[in-house]
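Here is the structure we will look at, set down as structure tokens.
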Amino acid sequence: MEFRFFYHFGSYLLMLKGMFSKPENPRMYWKQLMQQSVDIGIGSLGIVFIISLFMGGVTTLQTAYQLVSPIIPKATIAQIVRDTIILEFAPTLTSIVLAGVVGSKIASELGNMRISEQIDALEIMGINTKGYLVLPKILGALLMIPCLVVIAGFLGIWGGKVAGVMAGIISNDEFMKGLRQELRIYNIFFALSKSYTFAFIISSVSAYYGYNVKGGALEIGKASTTAVVVSCVLILFADYALSAILL
Amino acid sequence: MIELQDIKKGFGDKQVLKGVSATMEAGKVNLIIGASGSGKTVLMKCIVGLITADSGKVLYNNQDFTAMNEQDKKSIRQEIGMLFQGSALFDSMTVEQNVMFPLDMFGVGSYREKKKRVLECLDRVNLKDAARKYPAEISGGMKKRVGIARAIVLNPKYLFCDEPNSGLDPQTSLLIDKLIKELTLEYNITTVINTHDMNTVMESGDHIIYMFEGLKQWEGSNEEIIFAKDERLNDFIFASDFLRDAKEMRQMEIFRDKNWRDRLKKPE
Ligand SMILES: Nc1ncnc2c1ncn2[C@@H]1O[C@H](COP(=O)(O)OP(=O)(O)OP(=O)(O)O)[C@@H](O)[C@H]1O
Ligand SMILES: [Mg+2]
């Protein structure tokens, strides 16, 4: 088990190192980056919309449920919702879901290319496949996932407001007042740091498992499951580590 | 010219190649034949470097490919065209885009010139009509032909084909053989083909290497193969009554030519 960990970690690092070489044709690499960004970014918008709206709504309802004391002003609910969403839910929950959506897509796409020898075909042409296939996916994820997290943050807070007003817990004005209380910019920096870290984990880990598929079609499925599971565990681990270091 | 020196390769405790040496000359169609599982694909992948051989050397025009750094390997590879056993077309691209891809990556010239070259190649493999289709929408034989078009689009110096005519009807198969032969002569390409198609062997085999259980069992031209005494080779090549008859006819045909002894370098 230990040895397998070191084996995977070592070849993961080698893959990352192998990505960097002079592009054979920068225009094609750029095209590939744009393509991947669209795939990752636009392709995941729908699911990010849905989860962030509900996440925000549920956070408001549950916070209100826990704050029963009449001494605490209603606006505090909005403040707590805002901070919870910015600190944890928007970056981490969104990334966990994206690990499923984007991670499995990356792993199965590369896995399929490996099994059907498309990667070999590129390699034979004299193309650095790590650079051409893996690097644009990682860069695309680094570009798009933080944007998705920001969108998730806004939508989450908006969803929280709508849910609060609809349930009659808090008025629109009170919520807006709470949102403006004691906003710390550092929290947003923290959320973005997390989203960049998670984006890198999702894309590079999934690419590693997809790129190194051996065997047949069955292994593609296994690789994408492993990619998602490992990404999720690493995200949670990194979440803890970043919270311990940065907060 | 490609030279192999004592190539060995094993997977786990299974020794697939047990020391293969051979020379493949430019302007000739070099065939690697042998039973299914005899290591043809592994040998081809060792030659192009997709699989690293355990020991032995591969020389491209006297340059040691096995000892090269990545950058030099890349520049040799840009002179290689390869058709894979499963075609290996990029399934997110149309037929035309597949053939265009190497040109986009390495080619020079305007879009119009590239497009012209692509259509030229597709025309050579009789596939002009399928240009806008996706690989999932065409038959296995058509995929093979697209694979060939993609392999030749950059005018390679070395052409590798892993079973170019398995799964093709006899007519298309002959067409492909003829095309490969023509290209080989026209551009003085070093062509290496894995096959177990007897038509290919007889029609275009300038130099034939017969593999048996990871070793080179026999090597010679397609005229020499008619007179080969090697029992394993004969069992493999002339497996059916029909083929044995064909062989005898071909022998008689050759005997009618007075100079047949001179034509064959080494009659056994
Ligand atoms: N990656 C691999 N790992 C383990 N064994 C392998 C691997 N690749 C090939 N082999 C083994 O090597 C042997 C030769 O395989 P190869 O694909 O070269 O056969 P082949 O001569 O091309 O057969 P065919 O005519 O069916 O294509 C087979 O027994 C196969 O099991
Ligand atoms: Mg094979």
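Is it the case that some residue within the stretch A:71-80 is more than 14 Å from every other protein chain (Cβ to nearest Cβ), farther than 24 Å from A:I220 by Cβ, among the hydroxyl-bearing types (S, T, Y) and free of Cβ contacts under 8 Å to residues at least 40 places away in the same chain?
Within the stretch A:71-80 (the criterion being more than 14 Å from every other protein chain (Cβ to nearest Cβ), farther than 24 Å from A:I220 by Cβ, among the hydroxyl-bearing types (S, T, Y) and free of Cβ contacts under 8 Å to residues at least 40 places away in the same chain), the answer is no, since none of the residues qualifies.
Quickly run through the stretch B:182-200 and pick out the residues that are more than 16 Å from ligand 2 (Cβ to nearest atom) and buried (at least 19 other Cβ atoms within 10 Å of the Cβ).
Correct list: B:L183, B:T184, B:I189, B:T190, B:T191, B:M198.
Assuming B:R145 fulfils every condition listed in (1) within 16 Å of ligand 2 (Cβ to nearest atom); (2) of a type outside the set (D, E); (3) away from every other protein chain (no Cβ under 14 Å) apart from one, which condition is it?
Among (1) within 16 Å of ligand 2 (Cβ to nearest atom); (2) of a type outside the set (D, E); (3) away from every other protein chain (no Cβ under 14 Å), B:R145 violates only (1).
Kindly provide the set of residues from the stretch A:16-33 that are part of a helix (DSSP H, G or I) and within 14 Å of another protein chain (Cβ to nearest Cβ), ordered by number.
A:K17, A:G18, A:P26, A:R27, A:M28, A:Y29, A:W30, A:K31, A:Q32
I need the helices (runs of 4 or more DSSP H) fully contained in the stretch A:118-196, keeping only those with at least 1 residues that are over 30 Å from B:T52 (Cα atoms).
Those helices (runs of 4 or more DSSP H) span A:135-166, A:172-180.
Could you say whether any residue in the stretch B:236-258 is at pLDDT below 85, more than 14 Å from the chain's Cα centre (by Cα) and closer than 23 Å to B:C161 by Cβ?
no
What's the number of the only condition in (1) within 16 Å of ligand 2 (Cβ to nearest atom); (2) modelled with pLDDT under 90 that B:V42 fails to meet?
(2)
Can you pull out every residue in the stretch B:29-38 that is near ligand 2 (Cβ under 10 Å from one of its atoms) and more than 14 Å from the chain's Cα centre (by Cα)?
Listed by number, the residues that qualify are B:S36, B:G37, B:S38.
Checking B:N165 against (1) assigned by TED's automatic domain parsing to the domain that holds B:L119; (2) buried (at least 21 other Cβ atoms within 10 Å of the Cβ); (3) assigned to a loop (DSSP other than H, G, I, E, B), which test does it fail?
Result: B:N165 passes all but (1).
Restricting to the stretch B:46-70, count the residues that are within 16 Å of ligand 2 (Cβ to nearest atom) and within 8 Å of chain A (Cβ to nearest Cβ).
So the answer is 2.
Exactly one condition in (1) more than 10 Å from chain A (Cβ to nearest Cβ); (2) touching an Asp or Glu at 6+ places or on another chain (Cβ under 6 Å); (3) surrounded by 21 or more Cβ atoms within 10 Å (Cβ to Cβ); (4) not aliphatic (A, V, I, L, M) is false for B:F84; which is it?
Of the numbered conditions (1) more than 10 Å from chain A (Cβ to nearest Cβ); (2) touching an Asp or Glu at 6+ places or on another chain (Cβ under 6 Å); (3) surrounded by 21 or more Cβ atoms within 10 Å (Cβ to Cβ); (4) not aliphatic (A, V, I, L, M), the odd one out for B:F84 is (1).
Quick check: anything in the stretch B:184-192 away from chain A (no Cβ under 14 Å), within 16 Å of ligand 1 (Cβ to nearest atom) and over 21 Å from B:K45 (Cα atoms)?
no
Tell me which residues, restricted to the stretch A:213-235, are of a type in the set (D, E, K, R) and outside any helix (DSSP H, G or I). Outline the logic, then answer.
Taking the stretch A:213-235 and keeping what is of a type in the set (D, E, K, R), we get A:214, A:219, A:222.
Scanning the stretch A:213-235 gives a single hit, A:K214.
Output yes when any residue across the stretch B:214-222 is of a type in the set (S, T, N, Q), within 16 Å of ligand 1 (Cβ to nearest atom) and in contact with a Leu (Cβ under 9 Å, 6 or more places away or on another chain), and no when none is.
Checked against the condition, which is being of a type in the set (S, T, N, Q), within 16 Å of ligand 1 (Cβ to nearest atom) and in contact with a Leu (Cβ under 9 Å, 6 or more places away or on another chain), the stretch B:214-222 yields at least one hit.
Pick out the one residue from B:V201, B:V125 that is within 16 Å of ligand 1 (Cβ to nearest atom), over 22 Å from A:K31 (Cβ atoms) and away from every other protein chain (no Cβ under 14 Å).
On the way: B:V125 fails: within 16 Å of ligand 1 (Cβ to nearest atom).
Of the residues listed, the single one that is within 16 Å of ligand 1 (Cβ to nearest atom), over 22 Å from A:K31 (Cβ atoms) and away from every other protein chain (no Cβ under 14 Å) is B:V201.
From the list B:N222, B:N234, B:N199, which residue is in contact with a helix residue (DSSP H, G or I) (Cβ under 9 Å, 6 or more places away or on another chain) and assigned to a loop (DSSP other than H, G, I, E, B)?
The unique qualifying residue is B:N222.
Select from the stretch A:116-130 the residues that are among the small types (G, A, S) and either in contact with a strand residue (DSSP E or B) (Cβ under 9 Å, 6 or more places away or on another chain) or away from chain B (no Cβ under 11 Å) (or both) and list them in ascending order.
Residues satisfying the conditions are A:A121, A:G126.
Out of the residues in the stretch B:39-67 meeting the condition of being hydroxyl-bearing (S, T, Y) and within 20 Å of the chain's Cα centre (by Cα), tell me which one is surrounded by the most Cβ atoms within 10 Å (Cβ to Cβ).
For the stretch B:39-67, the residue satisfying everything is B:Y60.
If the requirement is being more than 18 Å from A:M113 (Cα to Cα), charged (D, E, K, R) and more than 9 Å from chain A (Cβ to nearest Cβ), which of these qualifies: B:K73, B:K114?
After ruling out the rest, the residue left standing is B:K114.
What number of residues within the stretch A:9-32 are touching a residue at least 24 places away in the same chain (Cβ under 8 Å) and within 30 Å of A:E88 (Cβ to Cβ)?
2
Please specify each residue of the stretch A:162-215 satisfying the condition of being over 25 Å from the mean Cα position of the chain (by Cα) and within 30 Å of A:A107 (Cα to Cα).
Of everything in the stretch A:162-215, those that are over 25 Å from the mean Cα position of the chain (by Cα) and within 30 Å of A:A107 (Cα to Cα) turn out to be A:K214, A:G215.
Just one of A:L135, A:L67 is aliphatic (A, V, I, L, M), more than 14 Å from every other protein chain (Cβ to nearest Cβ) and surrounded by fewer than 22 Cβ atoms within 10 Å (Cβ to Cβ); which is it?
Exactly one of A:L135, A:L67 is aliphatic (A, V, I, L, M), more than 14 Å from every other protein chain (Cβ to nearest Cβ) and surrounded by fewer than 22 Cβ atoms within 10 Å (Cβ to Cβ), namely A:L67.
Looking at the structure I just gave you, is A:L110 within 13 Å of another protein chain (Cβ to nearest Cβ), crowded, with 21+ Cβ neighbours inside 10 Å and over 15 Å from the mean Cα position of the chain (by Cα)?
Against the criterion (within 13 Å of another protein chain (Cβ to nearest Cβ), crowded, with 21+ Cβ neighbours inside 10 Å and over 15 Å from the mean Cα position of the chain (by Cα)), A:L110 qualifies.
What are the residues in the stretch B:149-176 that are modelled with pLDDT of 90 or more and more than 16 Å from ligand 1 (Cβ to nearest atom), if any?
Result: B:A149, B:R150, B:A151, B:I152, B:V153, B:L154, B:N155, B:P156, B:K157, B:Y158, B:L159.
Do you know which residues across the stretch B:92-105 are within 10 Å of chain A (Cβ to nearest Cβ) and surrounded by 16 or more Cβ atoms within 10 Å (Cβ to Cβ)?
B:N98, B:F101, B:P102, B:M105
Condition test on B:V125, is it in contact with a Ser or Thr (Cβ under 8 Å, 6 or more places away or on another chain) and of a type outside the set (G, A, S)?
Values: in contact with a Ser or Thr (Cβ under 8 Å, 6 or more places away or on another chain): no; of a type outside the set (G, A, S): yes.
Against the criterion (in contact with a Ser or Thr (Cβ under 8 Å, 6 or more places away or on another chain) and of a type outside the set (G, A, S)), B:V125 does not qualify.
The values are calculated or read from the model by the stated rules, or taken from the named source; none is laboratory data. Bear in mind the structure is a predicted one, so any value in this text is a computation, not a measurement. FYI the Cβ positions are ideal-geometry reconstructions off the backbone, even for glycines, and counts take in every protein chain you see.
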